[in-house]
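Each remark here refers to the structure printed beneath this line.
The values are calculated or read from the model by the stated rules, or taken from the named source; none is laboratory data. Computed from a predicted model, the values in this text were never measured in an experiment. Here Cβ is always computed from backbone atoms with ideal geometry, including for glycine, and neighbour counts include all displayed protein chains.
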Amino acid sequence: MLIVINALAPTKHPQARAIQSRIRQLSTNLALQHPDYTFLMIDDVSHASLQLPNVTTHVHAKSPNSWWKYQYWLDIQLPLLLRKRAVHTIIQPYGFTSTTVRCAQLLLTDGVLPLQQPNLFAKSTVRFYQLFAKASLHRASQIGVFSPQTYATIDTALSAVCNKAVQLPPVSQLAITPIEWEQKDFIKTTYTDGCEYFLYSGSLDAIGNIIILLKAFAVFKKWQKSNMKLVILSQSSTEEANLAEKIATYKYKEAVVIIKEPSKSDREQLLSAAYAAVLTAFHYPFADTVLDILNGGVPVLIAKNQGWELLLHDAAIYTNILDAQEIGQHLIALYKNENLRLQYATKSVEWARQHGISAVQQQALVWQMLFANHD
């Protein structure tokens, strides 16, 4: 029985590459766990980790690098590639299905943000989502959803497909646990000259909502002229350069620390030693980032009315991410009341222990979804 895994990234955007990395790991693990099944892996490069007896890799050397070209590949080139193959299911990890293949398609989606926040995207991207996103959700045999924001959207605005949508529980990507004060002091000395810091992790483009974050931090600094810093994790040199331009005239720029392309070890240290995490981006494609922070016993400030309450319950602080004044007041409250901060730190760890799952458990859930409509 043949399972096709489409890892060909539609664009070079960091988010698409992050999904690609995860689907490659998923493919390897599924192939190892199910040697009686055969897998066809479609990718833009060949990987030594996928050189398994039950895996065939088809290398499509050139990434489409645009959503329109990607849909053309799904509708025209993919069916030709699969012709004369008895395919059971195709795993489509980027939120879009082929309109022309006849086998089942398991859709993994990280969101439909261009439909919710069209002002953040190019008109061509918004138009593409308008034409294909909802249709893909309807066409899919099963839908696996990474983000609670996306799941909430499907549940309310796309009720016709919510019966086949499953929210995939978050999986820790980093080895983070609560650390002692001595370790925190060492980390703060290394990265922030010994100062306490709020931490932002997320996109640094328009989706990141960075201007509002900087305004909120300014609200805090005006109230408390402390040495508290704001640490921002950057995913690329381009992101760092764009951010540096934005803060060039920022009154509190000396209190902003940009960490360029942090290693896994850097991320683990910075996340675990933060005073609080301020996750004010418009969208987080994976809940894993939030889980990693909660594992460290760090209070999390995140968007309200976007599905996070259904996942995190009382383990996070919720705010209007468009209101810098409100965000700033939450930061002030945490700083003024150490008991409040410790209360959320405790809730963070408790929630993470109860709700996080292992990568193996998530893979088992995906495997069940592959056969949900084939009993």
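Would you be able to say whether some residue in segment 37-56 is in a helix (DSSP H, G or I), β-branched (Val, Ile, Thr) and in the same structural domain as residue 126 (by TED's automatic domain parsing)? No - not one qualifying residue is present in segment 37-56. Return the residue satisfying two criteria in turn: it lies in segment 1-35 and is among the basic types (Lys, Arg) and in a helix (DSSP H, G or I), and of such residues it is surrounded by the most Cβ atoms within 10 Å (Cβ to Cβ). Among those residues, the one meeting the criterion is 22.
If the condition is being within 16 Å of residue 202 (Cα to Cα) and either surrounded by 16 or more Cβ atoms within 10 Å (Cβ to Cβ) or not assigned by TED's automatic domain parsing to the domain that holds residue 324 (or both), then segment 220-257 contributes 230, 231, 232, 233, 234, 235, 239, 240, 243, 256, 257. Among the residues of segment 114-126, none qualifies, meaning not one is under 24 Å from residue 4 (Cα atoms), buried (at least 18 other Cβ atoms within 10 Å of the Cβ) and either under 16 Å from the mean Cα position of the chain (by Cα) or not assigned by TED's automatic domain parsing to the domain that holds residue 209 (or both). Filter segment 19-49 down to residues that are of a type in the set (Gly, Ala, Ser) and at pLDDT 85 or above and give me whichever is farthest from residue 92 (Cα to Cα). Looking at the filtered set, the residue picked out is 31. Of all residues in segment 212-219, none are within 23 Å of residue 327 (Cα to Cα), in contact (Cβ under 8 Å) with a residue 24 or more places away in the chain and in a loop (DSSP other than H, G, I, E, B).
Going by what's in this entry, would residue 66 be described as surrounded by fewer than 18 Cβ atoms within 10 Å (Cβ to Cβ) and not hydrophobic (A, V, I, L, M, F, W, C)? Working first, answer last.
Values: surrounded by fewer than 18 Cβ atoms within 10 Å (Cβ to Cβ): yes; not hydrophobic (A, V, I, L, M, F, W, C): yes.
Criteria met by residue 66.
Starting from residues that are more than 18 Å from residue 209 (Cβ to Cβ) and within 20 Å of the chain's Cα centre (by Cα), keep the ones in segment 98-111 and report whichever is modelled with the lowest pLDDT. For segment 98-111, the residue satisfying everything is 109. Criterion first (in the same structural domain as residue 163 (by TED's automatic domain parsing), touching a strand residue (DSSP E or B) at 6+ places or on another chain (Cβ under 6 Å), closer than 30 Å to residue 282 by Cα and crowded, with 18+ Cβ neighbours inside 10 Å) does residue 97 satisfy it? Judged against the criteria, residue 97 is a match. Candidates are the residues of segment 223-239 that are assigned to a helix (DSSP H, G or I) and over 19 Å from the mean Cα position of the chain (by Cα); the one that is modelled with the lowest pLDDT is 237.
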